[in-house]
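The values are calculated or read from the model by the stated rules, or taken from the named source; none is laboratory data. Just so it is clear, the model here is predicted, and its values are computed rather than measured. Counting neighbours? That spans all protein chains shown, and the Cβs are built from the backbone with ideal geometry, glycine included. The area values use the complete protein model at the heavy-atom level, side chains included, leaving out ligands, DNA and RNA. Shrake-Rupley method; radii C 1.70, N 1.55, O 1.52, S 1.80 Å.
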Amino acid sequence: MDAVVEGRPVTPRYGYAVEINALWYNALCFATDLARRFDDREGSFADRLPTIRRAFRETFWMPEKGCLGDVFHYGILDRSIRPNQLFAVSLPYSPLDPAEQTGVVRTAREQLLPPCGLRTLSPADPAYRV
């Protein structure tokens, strides 16, 4: 997704990317579990996780599409349907509830999965090129 050709991004993605935020949430949950296991109160993010989870969903979730947007930049969500949103479903700690996870997978299957491979953008998007 962030491929560069001749020093320029093929698909520029500036801002807060959905997969990076999903990975961050997962890492904080993992650290919290480790802290709990080793009785380390200072290494826990348990008090912040509900707020972070809520912020993720408020920022990226698109209820009318039943999936996640791609990048949040300057207060605007890029509503492109891209495979990066699958990170939020595939990680051990997801910021999404099970129904939302199902929506992400359904949307990816319907719009990004041809007979071979995985598209990087939905063909329904005006920016899609064959």
> Label points 7 Å out from Cα along the Cβ direction at Q101 and T11: separation in nm?
Replying inline: 2.4 nm
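Using a simple charge model, +1 on the beta-carbon of Lys and Arg, -1 on the beta-carbon of Asp and Glu, nothing else, what dipole does the chain show about its Cα centre, in debye to the nearest 20? Each step should come with its number before you reach the end.
Details: 16 positive and 16 negative charges, 50 e Å.
The dipole magnitude comes to about 240 debye.
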> From the square roots a ≥ b ≥ c of the eigenvalues of the alpha-carbon gyration tensor of the stretch 59-130, which class results: rounded (a/c under 1.5), prolate (a/b over b/c), or oblate?
Replying inline: oblate
> Under the definition of Cα pairs under 8 Å and six or more residues apart, what whole-number percent is the relative contact order of the stretch 13-92?
Replying inline: 38 percent
>> Can you tally the net charge around F72? Count Lys and Arg as +1, Asp and Glu as -1, for every other residue whose Cβ sits under 14 Å from the Cβ of F72.
In response: 0
> Using only helices, what value at 222 nm comes out for the chain when you add -39,500 (n - 2.57) per DSSP H run of length 4 or more and divide by the total residues, to the nearest 500 deg cm²/dmol?
Replying inline: -12500 deg cm²/dmol
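Among all stretches of the chain without exposed GluC sites (Glu not before Pro) (DSSP loop, at most 12 other Cβ atoms within 10 Å), which one is longest?
65-130
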>> Given the C-alpha atoms of the chain, compute the convex hull and give its volume per residue in Å³.
In response: 146 Å³
> Tell me, what ³J(HN,Hα) does each residue in the stretch 81-92 have, in order and in whole Hz, if you take phi through Karplus 6.51 cos²θ - 1.76 cosθ + 1.60 with θ = phi - 60° and put x for Gly and Pro?
Replying inline: 8, 10, x, 4, 5, 5, 4, 5, 9, 7, 7, x
> At a 1.4 Å probe, what is the % contribution of carbon and sulfur to the accessible area of the chain?
Replying inline: 57 percent
> Given Y93, V105, H73, which one lies farthest toward the positive end of the charge dipole of the stretch 58-130, if we put +1 on the Cβ of every Lys and Arg and -1 on the Cβ of every Asp and Glu?
Replying inline: V105
> How much accessible area per residue does the chain have, in Å², with a 1.4 Å probe?
Replying inline: 64 Å²
